[in-house]
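See structure below.
The values are calculated or read from the model by the stated rules, or taken from the named source; none is laboratory data. What you see is a predicted model, and the numbers here were worked out from it, not measured in a lab. Neighbour counts run over all protein chains shown; Cβ positions are idealised from the backbone, glycine included.
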Amino acid sequence: MNENALRAYYRAKGEETVGIAYRSRMHCFFAELEPSTPVTEQNLADRVRYIMRSKIFDDAELGRLRREAIPSSNESAMAGDAAPHSTDQHPHVEAALDLPVVVDSNDDEIVSHELEKMRSILEEAILETRSTPLENRPRLPRIPLSKRNRAVVRALNPMLVTYLEASRDLCETDSILFGAAVAVCRIIGAKLPMAGRATTQSSAIPAWRKRIEDRIAKARALIGRLTSFRSGNNRPRIMRTVRMAFAGTNISLSQPDITQKLTERIDDLKQKIAAWGKRIRRFTDRSRRFNQNRLFQSDQKRLYKSLERPKVCGAGQGPDQADIIAFWRGLWSEPVNHSEGPWMEVVASQGASVTPMDPITVTPEDVAEAVRRAPNWKSPGLDGLHHYWLKGFVVCHAVLARQFQEALDQKSLPSLFTTGITHLVPKDQDTTDPSKYRPITFAQELELEQMRSTLEEAIVETRSTTLENRPRLPRLALSKRNRAVVRALNPMLVTYLEASRDLCETDSILFGAALAVCRIIGAKLSTAGRATGQSSAIPAWRIRIEERIAKARALIGRLICFRSGNTRPRIVRTVRMAFAGTNVSLSQPDIMQKLTERIDDLKQRIAAWGKRIRRYTERSTRFNQNRLFQSDQKRLYKSLERPIVSGTGPAPNQADMVAFWRSLWSEPVNHNEGPWTEVVASQCASITPMDPVIITPDDVAEAVRRAPNWKSPGLDGLHHYWLKGFVAPRFPRLDALLAIVALSQHGEEELRNVSQRLELSSAD
């Protein structure tokens, strides 16, 4: 039965490869072969699909059944043996024949990709890419890592051999690979957005925001009607709107104080509009911060490009393009004659003795390894080609290795690898001045010159800043990008550290380097000494309890007023509401006793609620102080000094404090030790002195490695993370500083030993 089902399937399909109207023909052919087996068209199609998927028959048997069903296929096979197709030499192309694709119809039949059609799509895409400038290329989408997509990429690999062999340089190879990527996207049906098209955020507005905006619109319209009525407009529509505004109240439009009531109603509506608008602005600011942070993590190029737009940054109209080009060309393109000085000769003499490095040979394995470690969908360069395509098109590795080797031998790279897109980010609201923009360029490598200038500026600034005025360094994420910036600054520190004269200067150099890293990656620098307050978010249950306490206190005041004889309507109405649901009447004889009991009950409730809030506050304070003690002891002790935290009164006078502690710490004291000091001295005379200790860079590296990254720093504000990151320069002064900082947590005795060892090593 299975063989006859396949014979009917092949006979119904004939020579077609993408036909879909074959079920009725297959059912008729199967009825001729198996007249005794009743089966429907759907059941027969499902049976054939199961046979093909489960691999019941091997390729030889399938070929035999096809030849039996279609006699002309045998002649085609013989002709194919006589003149083999050009794709037979590539096994990957034959594998593409088994590529499953579901056709766009109600039929779930699995068919094969037409290789000739794929070849024509590839050729068309490559020709189109060659004639398209880089800035007009479409932006390649991120495709799913599915088996189907990988099979398409593998099928195009052997087709690229002819194009890559004829490639003359890296630019042409890049255009070929980009065209192949475009062909894959077209074959699998992926949508290709146009280059430079702004990817706007989702325009879906939350339902609550729509409701609030509707309320604001209605409130503004009502304010207009009330203002018109207050001005004397008595049209029927205005009168009807005013009556609806005061519906449910005891206010009549004919009462004398109606103007005052209208003013109160208008002010109430204005306050509601202000509250609603503040809520929308708060949501908008939070949403913009969230989207910008997420976009910074995923695609920094799009973030900086979006910051250029006045719609995002809140700035006005941008400057004229000619003014921008003239301004930045005057900074970057004008030649400058530098007076280097005699130090160039010293560097040239030192470099003359350096042994040249061995020639580098780039192999296809090197290219494959470099591409393997690269992220798939990281933001591409100027050509728009992601690393995913370099991983998929493995036939390009040999060509890239050869062309990179030629570029190394010729000591020149194409402009494609040295050109970047510069985005101008406005510094403030003045967007008409070209000098008020910060240029950020995305090239294929880090802008070392810009980093060098940032480092120099940060070091000069740190040297002229006192310790107490230094900014507090933030905790950086341990990301690959941040580590790459730290590694790039390592060799730049050599010149500064070689000229360092003492530990203080070395410390300022390292702090300036840390400051430069924070500025390069865009980390926020908080000012030194700024108090980091606790979160002001109040739990919802505490807000509810505080509202109950306020209402209970107000009710107690009304009850006391009524007990004192105040029988105003508002007071009486409040008392009735207080006894609602009970059998207490205001006219009964013991009403005073009932009032006293009700007041005492409310006071007890207020005391219980207040105790709950105090208990939470004390527990929260203990928890925050314990956590702060584990993370940053300096901030804990600094917070305990404040009267608002410690609960003490006003702080003492600074002069009195200085005089008191100076009398304890700075005044010399003559101690009468007694005879026990002579005993200790005689015992120590027999101790053999320890051998001199030489601190090596390995000892420093081990001491720094064991130190926590972000433990509270000393007076200089330099965390251990920066001592771990700046590892390239190893000099005696730097090693001494690293050793002292790393051992600063282990007591005064060890620091004294370190100082003695440093003196011995300097004497040696």
(message) Given the options SER146, SER131, name the one that is farther than 25 Å from PRO414 by Cβ and among the small types (Gly, Ala, Ser).
(response) SER146
(request) Please specify each residue of the stretch 376-403 satisfying the condition of being of a type in the set (Gly, Ala, Ser) and part of a loop (DSSP other than H, G, I, E, B). (result) SER379, GLY381, GLY384
(message) Consider the stretch 112-143. How many of its residues are surrounded by 12 or more Cβ atoms within 10 Å (Cβ to Cβ), acidic (Asp, Glu) and under 30 Å from ARG302 (Cα atoms)?
(response) 2
(request) Output the residues belonging to the stretch 452-479 that are over 15 Å from ASP716 (Cβ atoms), in contact with a Ser or Thr (Cβ under 8 Å, 6 or more places away or on another chain) and aliphatic (A, V, I, L, M). (result) none
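So which of PHE283, PHE296 is modelled with pLDDT under 85 and touching a helix residue (DSSP H, G or I) at 6+ places or on another chain (Cβ under 9 Å)? Before you say what the answer is, go through the steps one by one.
Working: PHE283 fails: modelled with pLDDT under 85.
PHE296 is the lone residue from the list that is modelled with pLDDT under 85 and touching a helix residue (DSSP H, G or I) at 6+ places or on another chain (Cβ under 9 Å).
Quickly run through the stretch 611-630 and pick out the residues that are of a type in the set (A, V, I, L, M) and either under 15 Å from ILE545 (Cβ atoms) or in contact with a strand residue (DSSP E or B) (Cβ under 9 Å, 6 or more places away or on another chain) (or both). First the steps, then the outcome.
Start the filter on the stretch 611-630 by keeping residues that are of a type in the set (A, V, I, L, M), which leaves 613, 628.
Listed by number, the list holds a single entry, ILE613.
A quick yes/no check of all residues on (1) under 33 Å from the mean Cα position of the chain (by Cα); (2) modelled with pLDDT of 85 or more; (3) surrounded by 10 or more Cβ atoms within 10 Å (Cβ to Cβ); (4) more than 25 Å from LEU382 (Cα to Cα):
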| site | (1), (2), (3), (4) |
| --- | --- |
| ARG168 | no, yes, no, no |
| SER175 | yes, yes, yes, no |
| ALA181 | yes, yes, yes, no |
| ARG186 | yes, yes, yes, no |
| GLY189 | yes, yes, no, no |
| SER202 | yes, no, no, yes |
| TRP208 | yes, yes, yes, yes |
| ILE212 | yes, yes, yes, yes |
(message) Just the residues that are at pLDDT below 75, within 17 Å of THR431 (Cβ to Cβ) and part of a loop (DSSP other than H, G, I, E, B), please, taken from the stretch 299-341.
(response) GLU308, ARG309, GLY314, ALA315, GLY316, GLN317, GLY318
(message) If ARG487 satisfies all but one of (1) at pLDDT 85 or above; (2) under 30 Å from GLY381 (Cβ atoms), what's the number of the condition it fails?
(response) (1)
(request) For ILE606, state whether it is of a type in the set (A, V, I, L, M), at pLDDT 85 or above and loosely packed, with under 10 Cβ neighbours inside 10 Å. (result) no
(request) Grab the helices (runs of 4 or more DSSP H) fully contained in the stretch 465-525, keeping just those with 3 or more residues being of a type in the set (Val, Ile, Thr) and in contact (Cβ under 8 Å) with a residue 40 or more places away in the chain. (result) 503-521
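One line per residue, one yes/no per condition, for (1) of a type in the set (A, V, I, L, M, F, W, C); (2) more than 30 Å from HIS719 (Cα to Cα); (3) outside the structural domain of GLU547 (by TED's automatic domain parsing):
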site: SER585; (1), (2), (3): no, yes, no
site: PRO589; (1), (2), (3): no, yes, no
site: ASP601; (1), (2), (3): no, yes, no
site: ILE606; (1), (2), (3): yes, yes, no
site: ARG614; (1), (2), (3): no, yes, no
site: LEU628; (1), (2), (3): yes, no, no
site: LEU636; (1), (2), (3): yes, no, no
site: ASP656; (1), (2), (3): no, yes, yes
